[in-house]
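The values are calculated or read from the model by the stated rules, or taken from the named source; none is laboratory data. Quantities reported herein were computed from a predicted structural model and do not represent experimental measurements. All Cβ positions, even for glycine, are placed from backbone atoms using ideal geometry, and neighbour counts span all protein chains on display.
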Amino acid sequence: MTHRLLEALEAFSNALGVSGNEGEVRETIASRIRPHVDVLETDALGNVIATKKGPKDSPRLVLSAHMDEVGFLITHIEKSGFLRFAKVGGIDDRVILAKPLLVGPKRIPGVIGTKPIHLIFQKEGHKKVAKAEDLYIDIGAKDREDARRLVEVGDFAAFATRFQDLGNGFVKGKALDDRLGCTLLALLLEEDLPLILTAVFSTQEEVGLRGAAVAGFRTSPQIMLALEGTFAGDFPEERDVSRAAVIGRGPVLTHQDRSMIGDPLLLETLIAAAEKEGIPYQFKRPLLGGTDAGRMHLSRSGARASVIAVPARYIHAPVALVKIEDVVNTYRLAKAAIQAIADKDWPS
Amino acid sequence: MDELISLLQKLSEASGPPGSEGDIGAVVKEALTPFADEVTQDKFGNVIAHLRGTQTCEPRKKILLAAHMDEVALIITRIDEGGYLRFAELGGLDPRILLGAEVTVHGRKPLHGFVGTKAPHLQTKEESSRVMDFEELFIDVALPSEEVEKQVRPGDAATLIGCFTPLQNSLVSGKALDDRAGVAAMIQALKLLKRDSPSWDIYAVATVQEEISGLGALASTWSSVPDIAVILETTYGTAPDVSEREGFDLGQGPALGMGMTVHHGVTRKLKGAAQKTGVSYQIEVGLYPGGKDAVVIQLAKEGIPTGVLSIPVRNMHTPVEVASLEDIVSTARLMAAFVADLKEWP
């Protein structure tokens, strides 16, 4: 199981899919799940919606994970051949300086440049945050014409980080938010399931939960679970305060975040499933972040919704770090949750 | 060009924090060996390749070529609770490039590390809108603290992880091109000189500790006692935020240094060699062109006439330095032509 999870996570993490440009990751995920599902469709916003049959047809369960990742959009090509860009999704300006990128569908390598410390030191330039709008990408082009052979305004750029098993129980890679969720969902579709499962691999989550808005309408869930990668803030100075989530303590459950108050009965069901299976779990610090569940629980006449997330350090940065044990435990919980949801009589 | 790319990649990826240049030293030694009569390493760690010239008169004339092989790095100052490593800079670093960067911590064994800071939701408004300085950053090696205590000690170094990547138009990106680009040019120059059988003896030295002091170059100058020296360094490349007044265009050849560290006679001869070989060059005027090595070599013993050739590099002292392979090739050609032409000095 662990090997299959890591192999899928590696392929999904290395695929590019900046919000609105999810083509490459969509194809990677679709080709993996195609042999295991009964229906596979792509909707107008690029969401991949798959259905796998099971013995029961109720409740109508939808599991969702978002394919898109934070990144950049090329806004201008200078006469000198350097590229100007805007951020796509929530990226802290302070993590992007001097990082390698891949630009556009042709994966042209480039780097975000910076004036060397020697030339800014005296004016204390290193004490001012470098704003994304003042930065540029260097692909080595001679001039604008040369750059336009390879890149156009409107192309995306993604962090160039390669997935790697660190050999100490951790793996690192880009876009673990939410290729972790995509990995869990893709592998759940390879299992024998107790009921009909609809899987949504959504687009544009990072720019306002947009794919989920229309996927919710189409799939009309009674119960929905978002599978996520959520940030772990278990860092030195913070031992006396809430730590968001902690690496190694298992899947993260949500009472309430900025996008949703979770359904209490569904949350209880998840907790009972975890305890029955002996899976460790933890709660996310309330009121942080938001997920596709925030959008999909409002679909049509509403759905019971909750989130199961893998804790990961440094999400929304060039490289994130996740403990393999947490990935495995989150998978076990998601699988147990499907069984528990199928077994329960849900009040309508 | 493929041979140069693979040499530069090996040089760029090897680690050489100031004071611990063992790994890069071994790579450089192996690369210099085919083109020298003898390659040695001194007590400091400088790698010295000696190619004997054809001259028969005593005292033998000697030229020192120097390029530094150390790189800017971090030094671990403390292990925090939870196994997070605190650090300071080893050489001049911009703290702003570190968040989200990956590093290798050179403990008992190399550890993969990630530079982080206080969690975003716990940063105050003031903290989240300003630069996090060195003391607010940490390295996370994703190990339990007992294990970190076993593997890492304060004083261990950490180097930036770069991803060596060819860009368009013969540019390459990677870490430590300052001054591995200069080291590559020196190796290539020695290769050309081995073929040309020059008259003078050549000491091609990959120096240590330039990023913090230049003391490696000082030691190597005393041991070779050259008649003249040429430093192969890097200088700033132009970019949208580095003007033509501050930097030099990539792909236009090396910058010939002019300033207090540089001897006019050597510069004149370098210009002559450039004209003869048709290599284009730029002129860098500054107080101290050629970095710390030029300063100390010039002042060694009774004084050494010193010249400086610098390869333009963008994003200097970051994991994504960018240099032109063409500049490395032309620097090597110019250097070799200069040495091959040496007969009398002055």
Exercise for review: Go through the stretch B:316-336 and give me each residue that's crowded, with 24+ Cβ neighbours inside 10 Å and among the acidic types (Asp, Glu).
Suggested key: B:Glu321, B:Asp327
Revision key, fill the gap. Of the candidates A:Gly154, A:Gly169, A:Gly140, the one satisfying the condition of being at the interface with chain B (Cβ under 7 Å from one of its Cβ atoms) and either touching a strand residue (DSSP E or B) at 6+ places or on another chain (Cβ under 8 Å) or under 12 Å from A:Arg84 (Cβ atoms) (or both) is A:Gly140
Revision key, fill the gap. Residues in the stretch A:271-322 that are aromatic (Phe, Trp, Tyr) and either in contact with a helix residue (DSSP H, G or I) (Cβ under 7 Å, 6 or more places away or on another chain) or within 14 Å of chain B (Cβ to nearest Cβ) (or both) total 2
Check your understanding: Which residues, counting only those in the stretch B:211-266, are modelled with pLDDT of 90 or more and among the hydroxyl-bearing types (Ser, Thr, Tyr)?
Key -> B:Thr234, B:Thr235, B:Tyr236, B:Thr238, B:Ser243
Check your understanding: Of these, B:Val205, B:Val230, B:Val242, which one is under 30 Å from A:Ile112 (Cα atoms), touching a residue at least 12 places away in the same chain (Cβ under 8 Å), surrounded by 19 or more Cβ atoms within 10 Å (Cβ to Cβ) and in contact with a helix residue (DSSP H, G or I) (Cβ under 9 Å, 6 or more places away or on another chain)?
Key -> B:Val242
Point to revise | Qualifying positions in the stretch A:71-93 - surrounded by fewer than 24 Cβ atoms within 10 Å (Cβ to Cβ) and either free of Cβ contacts under 8 Å to residues at least 12 places away in the same chain or within 22 Å of the chain's Cα centre (by Cα) (or both) | key: A:Leu73, A:Ile74, A:Ala86, A:Lys87, A:Val88, A:Gly89, A:Gly90, A:Ile91, A:Asp92, A:Asp93
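Go through the stretch A:278-292 residue by residue and tally those that are part of a loop (DSSP other than H, G, I, E, B), in contact (Cβ under 8 Å) with a residue 60 or more places away in the chain and either of a type in the set (Val, Ile, Thr) or over 15 Å from A:Ala244 (Cβ atoms) (or both). Show your work before the answer.
From the stretch A:278-292, those part of a loop (DSSP other than H, G, I, E, B) are A:278-281, A:284-291; that's our starting set.
Now drop any that are not in contact (Cβ under 8 Å) with a residue 60 or more places away in the chain, which leaves A:290-291.
Still in the running and either of a type in the set (Val, Ile, Thr) or over 15 Å from A:Ala244 (Cβ atoms) (or both): A:291.
Matching residues across the stretch A:278-292 total 1.
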Revision key, fill the gap. Those residues of the stretch A:118-137 which are more than 23 Å from A:Lys87 (Cβ to Cβ) and in a loop (DSSP other than H, G, I, E, B) amount to A:Phe121, A:Gln122, A:Lys123, A:Glu124
Check your understanding: Pick from B:Val296, B:Val339, B:Val313: which is β-branched (Val, Ile, Thr), crowded, with 24+ Cβ neighbours inside 10 Å and in a strand (DSSP E or B)?
Key -> B:Val313
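Out of all the residues in the stretch A:169-183, which are part of a loop (DSSP other than H, G, I, E, B) and under 26 Å from B:Ile97 (Cα atoms)?
Our first condition is that a residue be part of a loop (DSSP other than H, G, I, E, B); within the stretch A:169-183, this holds for A:169, A:174-175.
Result: A:Lys174, A:Ala175.
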Check your understanding: For the stretch A:111-134, which residues satisfy the criterion of being in contact (Cβ under 8 Å) with a residue 24 or more places away in the chain and either within 7 Å of another protein chain (Cβ to nearest Cβ) or surrounded by fewer than 22 Cβ atoms within 10 Å (Cβ to Cβ) (or both)?
Key -> A:Val111, A:Gly113, A:Val129, A:Ala130, A:Lys131, A:Ala132, A:Glu133
Study note, to complete from the structure: Expected output for the stretch B:170-182 (first residue under 18 Å from B:Ala336 (Cα atoms) and in the same structural domain as B:Gly251 (by TED's automatic domain parsing), partner part of a strand (DSSP E or B) and not small (Gly, Ala, Ser), Cβ below 7 Å, 6+ apart or cross-chain) is B:Ala181/B:Thr234; B:Ala181/B:Ile311; B:Ala181/B:Val313; B:Gly182/B:Leu232; B:Gly182/B:Glu233; B:Gly182/B:Thr234; B:Gly182/B:Ile311
Review point. Can you tell me which residues in the stretch A:307-336 are in contact with a Ser or Thr (Cβ under 7 Å, 6 or more places away or on another chain) and either part of a loop (DSSP other than H, G, I, E, B) or over 16 Å from A:Cys182 (Cα atoms) (or both)?
Key: A:Pro318, A:Val319
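Please go through the stretch B:184-204 and give me each residue that is part of a loop (DSSP other than H, G, I, E, B) and polar (S, T, N, Q), ordered by number.
Restricting attention to the stretch B:184-204, the residues satisfying the condition of being part of a loop (DSSP other than H, G, I, E, B) are B:197-200.
Correct list: B:Ser197, B:Ser199.
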